[in-house]
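In what follows, a single structure is set out as structure tokens and then discussed.
The values are calculated or read from the model by the stated rules, or taken from the named source; none is laboratory data. Here the structure is a predicted model, which means the values were calculated and not measured. Positions of Cβ are backbone-derived with ideal geometry, glycine not excepted, and every protein chain shown enters the neighbour counts. Just the protein is used for accessible areas: all its heavy atoms, side chains included, with ligands, DNA and RNA removed. Shrake-Rupley method; radii C 1.70, N 1.55, O 1.52, S 1.80 Å.
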Amino acid sequence: MKNYDYKQIEKKWQDKWEESGIFHAENKSEKPGFYALVEFPYPSGQGLHVGHPRSYTALDIISRKRRKQGYNVLYPMGWDAFGLPTENFAIKNHIHPEIVTANNIARFKEQLKSLGFSFDWSREINTTDPEYYKWTQWIFLKLLEKGLAYKKEMAVNWCTSCKCVLANEEVVGGVCERCGSEVVRKVKSQWMLKITEYAQRLIDDLDEVDYIERVKIQQKNWIGRSTGAQVNFNSTAGDIITIYTTRPDTLFGATYMVISPEHPLIDKWADKLSNIDDIMAYREEACRKSDFERAEVAKDKTGVCLKGVEAINPVNGKQIPIFVSDYVLMSYGTGAIMAVPAHDTRDYEFAKTFNLPIIEVVAGGDIEKEAFTDCETGVMVNSDFLTGLSVEDAKVKIIDWLKEKDIGFEKVNYKLRDWVFSRQRYWGEPIPVVFCEKCGCVPIPESELPLKLPMVDSYEPTDTGESPLAKIDSFVNTTCPCCGGPAKRETDTMPQWAGSSWYFLRYTDPNNSEVLASKEALDYWTPVNWYNGGMEHTTLHLLYSRFWHKFLYDIGVVPTKEPYARRTSHGMILGENGEKMSKSRGNVVNPDDVVNDYGADTMRMYEMFIGDFEKSAPWSTNSIKGCRRFIDRVWGLQDIVVDGDTYSKALEKTIHRTIKKVGEDIEDMKFNTAIAAMMALINEIDKVKSLNKADFKALLSMLNPFAPHITEELWETMGFEGFCSLADFPTYDEAMCKDDELEIPVQINGKLRSRIVIPNGADQATALDIAKKDEKIAYELSNGTVVKEIYIPNKLVNIVIKK
RNA sequence: GCGGGCGUGGCGGAAUUGGCAGACGCGCUAGACUUAGGAUCUAGUGUCAACGACGUGGGGGUUCAAGUCCCUUCGCCCGCACCA
């Protein structure tokens, strides 16, 4: 036996796979297609994280198994390469982001290749490649054409020190993530995408896809659908105030009203309000606060009562005061609420603070102590024609009443907001529109795509918060495609989420220059059969890409409503100390070191053996050794192999059972128990000390998806034909998975007293007969009378006796 | 506060979904081979007052039978955060 020289072996097979192109997917094939997808990485300067291979190995195992089962498999890889870290690195080190990106990609690619993934590298894509982002821009133009992209003045996070717009994720604890300075709100004109238009379909179509439940739940919560009513309140000023409520049944309990500080009626009523200065001061204070601060001071309710205008409750004509308070948001509902302190916790707190009346309209709680918000058990009181009804019935009746009087109607609201699509940054896709003095905002013609990022030396953020592109005159100044007159280009770029919202479509036809992917390719490959990724992308990437896909479906570009048929999620790999891996904690494990010290096969085995795939798990250097020992033992088996075309008698049952277990566990992503089963098989082989070629062949083939290099090498050594990677996944015979005889426990009164051997499938009479002949059981039975006899076929016998 | 999840040996984790708790691996103990062992092999390894009893965060319940179902309670992790 040669030494197990994993470095030489792994390099050898990686080269062979590349030369032979056996992992290339065919766009036309007699075989059924299978499209496996993992989230493509952001090629950061740190290189690959040990977390990346967890997901990649899992779907590599599934892809490799599918190939062995006769599928034409597409398992692609690419680079989500636009983004801030690269840009910041470029600024700091005076290297162009394009070069930084190219370097990072080269490193990532080398690392991924060293792990032996069966990616189809011929379909590699890169979101920063103009031939790729041409189509990202094209999709934007289509969204614009259909009215789903629009510009809006809105408040953004502004770092006073960096003089730069920050994404919400970059604001930590109310201050700038990078410099720690104060972050304020600043109103800027931003591109928005109308994802809200798709809110209902994004909920409904979850029924059609196979996503793990927590992903569905998280998406639904994020979209946040609620059913209620929109109601018009008259005011003493004569203006209508429109409110949204999920509890129209409590209308009789509305004792005051609250509008958001930004509400336009305040400006309209300025003359009528005697305390307008106080109100304006309150508004200014609220505007100055970041979202974070507004949420932070949630405990203490603040506000100002409007002096001079009151609202009129439509159900009883009572005049009620109007307050302005920052707990009402302009961005949700109508920016105004009716306050029912008896039945809403926030209103209750506010009413207590400002000493406002609290009227109970749903009986069942104790409103002296707290708001009663239960909708299930309460009965309506103090509510005229609603009194006596259940909450549910009252809702129906009041909505009918509102409709009849033409002052309100049933209304559905969503928490989901439109997607802020502008970034004032250099390293992103330029938004392909120009602004003409005559024609206004004009999209550039499709024939001019891609609109390339200009190559420049300086891309530092500007003092004004405009995109770095704004400083580049040669880029900004252009002519209007409409009238030919002078025009200025949009200088904002797209967010990183843009390129990743449709990348899976491009893999099906990555070099197409006519369309984003051909109809044939999309028909054959989409939807993605199996998509695995992180939970952290559930509400951003996953939702955004579903939205884009639905839009592309609507305009006839893609053939399916949903992009991904199945979505699974992996847990995080933590540092050895159980904390999240990070440089500052000093617990980062470099995958290169692991591959170097133990080999790619061991690394892959360990990442799959580490624990439940869906849960997070701490890294353990000691446990890696266990996987390496397993690999070494597999290597050692070549010495004891003897000829034999069928499974050896001593092992055949274990082999059938292991094939079954491994195959099923892969489908359920229970990789840890699949590996445990193969370890158990090896323990068995060691025990019987014999192995023939057929046994070994089956073991190698089922182990191949996990540890592809060593299995290819042994496959060749043993003289088996072709690539192990393409050899059939072994099949099992259900009948051979069963034993002729089984040992089952016998309990007396639920306590284990003995074990007996019964024929497989024995009936109750047989099993009990054997049990009663057992010495220990016979002794127990002699001490009492039998009350009940239970036999679970092939599982256990339990005899209940009375002493 | 709301939503989701978790709690099993010294550690990572198994348990056919109500049927022998602790598979598999790590670690540990003893032995073998060794100049050597952080290599390899063999045996052992939940706890205890040990032919038995106890044991899946705590308490209660349903059942012939509970890690698994129900009630209650404690603790931890993740996401969202005044969404009317």
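Okay, residues lined up against (1) open to solvent by less than 10 Å² (accessible area, probe 1.4 Å); (2) within 12 Å of RNA strand B (Cβ to nearest atom); (3) within 29 Å of A:Ala363 (Cα to Cα); (4) in contact (Cβ under 8 Å) with a residue 60 or more places away in the chain:
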residue	(1), (2), (3), (4)
A:Thr302	no, yes, yes, no
A:Asn313	yes, no, yes, yes
A:Asn316	no, no, yes, yes
A:Gln319	no, no, yes, yes
A:Ile322	yes, no, yes, yes
A:Tyr327	no, yes, yes, yes
A:Ser331	no, yes, no, yes
A:Ala336	yes, yes, yes, yes
A:Ala339	yes, yes, yes, yes
Q) Residues of region A:196-231 being in a helix (DSSP H, G or I), within 10 Å of RNA strand B (Cβ to nearest atom) and in contact with a strand residue (DSSP E or B) (Cβ under 6 Å, 6 or more places away or on another chain), which ones? A) A:Val215
Q. Residues in region A:715-728: is at least one under 30 Å from A:Asp639 (Cα atoms), of a type in the set (A, V, I, L, M, F, W, C) and in contact with a strand residue (DSSP E or B) (Cβ under 9 Å, 6 or more places away or on another chain)?
A. yes
Q) Restricting the search to region A:679-701, which residues are closer than 12 Å to A:Thr658 by Cβ and open to solvent by 10 Å² or more (accessible area, probe 1.4 Å)? A) A:Met679, A:Ala680, A:Asn683, A:Glu684
Q) Can you name the residue in region A:608-619 that is farther than 9 Å from A:Ile573 by Cα and more than 6 Å from RNA strand B (Cβ to nearest atom) and is also nearest to the chain's Cα centre (by Cα) among such residues? A) A:Glu614
(Q) Against the condition on the phi < 0 side of the Ramachandran plot and near RNA strand B (Cβ under 9 Å from one of its atoms), how does A:Arg633 come out, does it pass? (A) yes
Q) Could you give every pair whose Cβ atoms fall below 7 Å, whose first residue belongs to region A:353-377 and is over 22 Å from A:Tyr327 (Cβ atoms), and whose second residue is modelled with pLDDT under 85 and of a type in the set (Val, Ile, Thr), counting only separations of at least 6 or pairs across chains? A) A:Gly364/A:Thr377
Q | Long-range neighbours under 6 Å by Cβ, at least six apart or interchain, first residue of a type in the set (Phe, Trp, Tyr) within region A:26-49, second open to solvent by 60 Å² or more (accessible area, probe 1.4 Å) | A | A:Phe34/A:Tyr71
Q) Of all the residues that make up region A:723-759, how many are closer than 26 Å to A:Val595 by Cα and open to solvent by 20 Å² or more (accessible area, probe 1.4 Å)? A) 2
Q) Picking from A:Phe23, A:Phe82, A:Phe40, which residue would you name as being buried (at least 18 other Cβ atoms within 10 Å of the Cβ), over 27 Å from the mean Cα position of the chain (by Cα) and part of a loop (DSSP other than H, G, I, E, B)? A) A:Phe23
Q) From A:Lys661, A:Lys653, which residue is more than 25 Å from the chain's Cα centre (by Cα), closer than 27 Å to A:Trp13 by Cβ and part of a helix (DSSP H, G or I)? A) A:Lys661
Q.
Of everything in region A:760-803, what is assigned to a helix (DSSP H, G or I) and exposed (fewer than 12 other Cβ atoms within 10 Å of the Cβ)? Give them in sequence order.
A. A:Ala765, A:Lys773, A:Glu775
Q) For region A:90-144, how many residues meet the condition of being open to solvent by 30 Å² or more (accessible area, probe 1.4 Å) and either touching a residue at least 40 places away in the same chain (Cβ under 8 Å) or more than 25 Å from the chain's Cα centre (by Cα) (or both)? A) 25
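Looking at region A:366-375, which of its residues are within 13 Å of RNA strand B (Cβ to nearest atom) and of a type in the set (D, E, K, R)?
Initial filter on region A:366-375 (within 13 Å of RNA strand B (Cβ to nearest atom)): A:370-371, A:373-375.
Hits for region A:366-375 are A:Glu370, A:Asp374.
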(Q) Return the pair list, or none, for Cβ contacts closer than 6 Å from residues in region A:660-685 that are over 20 Å from A:Ser569 (Cβ atoms) to residues that are near RNA strand B (Cβ under 9 Å from one of its atoms), at least 6 apart or on different chains. (A) A:Lys661/A:Ala677; A:Val662/A:Ala677; A:Ile675/A:Phe609; A:Met679/A:Phe630; A:Ile682/A:Arg633
Q) Yes or no: A:Lys268 in contact with a helix residue (DSSP H, G or I) (Cβ under 9 Å, 6 or more places away or on another chain), open to solvent by 60 Å² or more (accessible area, probe 1.4 Å) and in contact (Cβ under 8 Å) with a residue 12 or more places away in the chain? A) no
Q: With respect to A:Asp592, determine if the residue is open to solvent by 10 Å² or more (accessible area, probe 1.4 Å), acidic (Asp, Glu), in a helix (DSSP H, G or I) and touching a residue at least 60 places away in the same chain (Cβ under 8 Å).
A: yes
Q: Taking A:Ala363 as the residue in question, decide whether it is away from RNA strand B (no atom under 11 Å from the Cβ) and over 20 Å from A:Glu410 (Cα atoms).
A: yes
(Q) Please go through region A:556-582 and give me each residue that is open to solvent by 50 Å² or more (accessible area, probe 1.4 Å) and touching a residue at least 12 places away in the same chain (Cβ under 8 Å), ordered by number. (A) A:Pro559, A:Lys561, A:Arg566, A:Met572, A:Glu576, A:Asn577
Q: Please find, among A:Val456, A:Val391, A:Val379, A:Val434, the residue that is more than 16 Å from RNA strand B (Cβ to nearest atom) and touching a Cys at 6+ places or on another chain (Cβ under 9 Å).
A: A:Val434
Q: Report yes if some residue within region A:470-489 is touching a strand residue (DSSP E or B) at 6+ places or on another chain (Cβ under 7 Å), within 16 Å of RNA strand B (Cβ to nearest atom) and within 22 Å of A:Arg423 (Cβ to Cβ); otherwise report no.
A: no
Q.
If I go through region A:407-444 residue by residue, how many of them are in a loop (DSSP other than H, G, I, E, B) and either surrounded by 14 or more Cβ atoms within 10 Å (Cβ to Cβ) or within 35 Å of the chain's Cα centre (by Cα) (or both)?
A. 17
Q. Does region A:529-548 contain at least one residue that is touching a helix residue (DSSP H, G or I) at 6+ places or on another chain (Cβ under 7 Å), open to solvent by less than 40 Å² (accessible area, probe 1.4 Å) and charged (D, E, K, R)?
A. yes
(Q) Here is a check on your reading of the model: is A:Gly571 at pLDDT below 95, within 20 Å of the chain's Cα centre (by Cα) and among the small types (Gly, Ala, Ser)? (A) yes
Q. In region A:454-559, which strands (runs of 3 or more DSSP E) lie fully inside it and hold 1 or more residues that are closer than 22 Å to A:Leu202 by Cβ and at pLDDT 95 or above?
A. A:530-534
(Q) Checking A:Glu664 against (1) within 13 Å of RNA strand B (Cβ to nearest atom); (2) of a type in the set (D, E, K, R); (3) farther than 26 Å from A:Phe34 by Cα: exactly one of these is not met. Which one? (A) (3)
